[in-house]
1. For the range 220-289, which strands (runs of 3 or more DSSP E) that fit wholly inside it have 2 or more residues that are free of Cβ contacts under 8 Å to residues at least 60 places away in the same chain and more than 9 Å from the chain's Cα centre (by Cα)?
2. Given (1) under 25 Å from ALA285 (Cβ atoms); (2) in contact (Cβ under 8 Å) with a residue 60 or more places away in the chain, where does PRO212 come up short, assuming only one miss?
3. Could you tell me whether GLY163 is farther than 25 Å from HIS149 by Cβ and of a type in the set (Gly, Ala, Ser)?
4. Do the conditions hold for LEU203, that is, is it without any contact (Cβ under 8 Å) to a residue 24 or more places away in the chain, assigned by TED's automatic domain parsing to the domain that holds PRO99, under 22 Å from ILE102 (Cβ atoms) and assigned to a helix (DSSP H, G or I)?
5. Could you tell me how many of the residues in the range 16-39 are at pLDDT below 85 and either touching a Gly at 6+ places or on another chain (Cβ under 9 Å) or assigned to a loop (DSSP other than H, G, I, E, B) (or both)?
6. So which residues in the range 124-166 are within 19 Å of ARG192 (Cα to Cα), surrounded by fewer than 19 Cβ atoms within 10 Å (Cβ to Cβ) and not acidic (Asp, Glu), if there are any at all?
7. Report whether or not LEU271 is assigned by TED's automatic domain parsing to the domain that holds LYS197 and touching a strand residue (DSSP E or B) at 6+ places or on another chain (Cβ under 6 Å).
8. Using the structure shown, decide if ILE292 is outside the structural domain of ILE146 (by TED's automatic domain parsing) and either of a type in the set (Val, Ile, Thr) or closer than 16 Å to ALA46 by Cβ (or both).
Amino acid sequence: MFDKLKKALGEFVTDISTRSISEGDLESSLWNLQLALVECDVALPAAESITNSLKERLVGVKVKRFEDIAPVVNSSFESILEESLSSADLLSMAKSKSPFSIMFVGVNGTGKTTTIAKVARYLLDNGVSVMFACGDTYRAGSEEQIETHAQKLGVKVIKHKYGADPAAVAFDAVTYAKNSRVGVVLIDTAGRMQTDKDLMGELMKIKRVVQPDMTIFVGDSLAGNDALHQAEEFNKSVSIDGVILTKVDADSKGGAAISISSAIKKPIFFLGVGQSYKDLIPFDASWVIKNILSKTEKK
């Protein structure tokens, strides 16, 4: 996990380990690091910000020749990432009112419906009652998919016939939750490309009719900078409140979380790290940083 990002930072450490830390000496090394970060799916503005911040922190640092500089670099890099990566406690938000409605958005193939089921499991394990709204009313098999998750988890699902208005489904689900004292309504929506104006308009209608308490973008970490572009476009259309990244366990690059959090200034709630309901971990910047820095010490 994050192997390429670890390698990029490790090579930077090695490159400057036998030099005095002067501005001139750092320039070429920082440029190489910036290129490596971009190759690891860190968006160019974020990569530039990271390397500029590293330069400010490292220029003038006194390190004896042949002394291990890795701790100095790691400490600086850790501080920079802590400033870039933000998280939030979804559980406390979900408990703040009842019912609390969450609309999930994203493109096709990110694992959005499975992620919704994982969030349901997380909330149930923490004493919060949950139900589903099947707002994906066009994709063949969508209702059966979410119904299967509902049966496994023992939760209610509201659905209409295929082709029904997704906003009506979501509205009925929230109404049911109010009458039945269900704590959280998780609203599934059809996956759509961020460039499809008609489908994005459909999301805007759901948001206008239901006024969900939260809108979460579900992004595929393997999509790299495409995930960033998607998040930005969804944010423009429906104003997302946070992000869940899927397939992080298979992500060797590791730049998606840094890019998205830096660019849209929204918290990351969870990371998907496997296929089971339990494979969803609350986002913790220190955990990400630890995984990136774990192999950058000099051998």
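The values are calculated or read from the model by the stated rules, or taken from the named source; none is laboratory data. Computed from a predicted model, the values in this text were never measured in an experiment. Because the Cβ atoms are built from the backbone with ideal geometry, glycine has one as well, and the counts that use them run over all protein chains shown.
1. Qualifying strands (runs of 3 or more DSSP E): none found.
2. With (1) under 25 Å from ALA285 (Cβ atoms); (2) in contact (Cβ under 8 Å) with a residue 60 or more places away in the chain applied to PRO212, the lone miss is (1).
3. No: the conditions fail for GLY163.
4. No.
5. Qualifying residue count for the region: 7.
6. TYR138, ARG139, ALA140, GLY141, GLN145, TYR162, GLY163, ALA164
7. Spelling it out, LEU271 is indeed assigned by TED's automatic domain parsing to the domain that holds LYS197 and touching a strand residue (DSSP E or B) at 6+ places or on another chain (Cβ under 6 Å).
8. Yes, satisfied.
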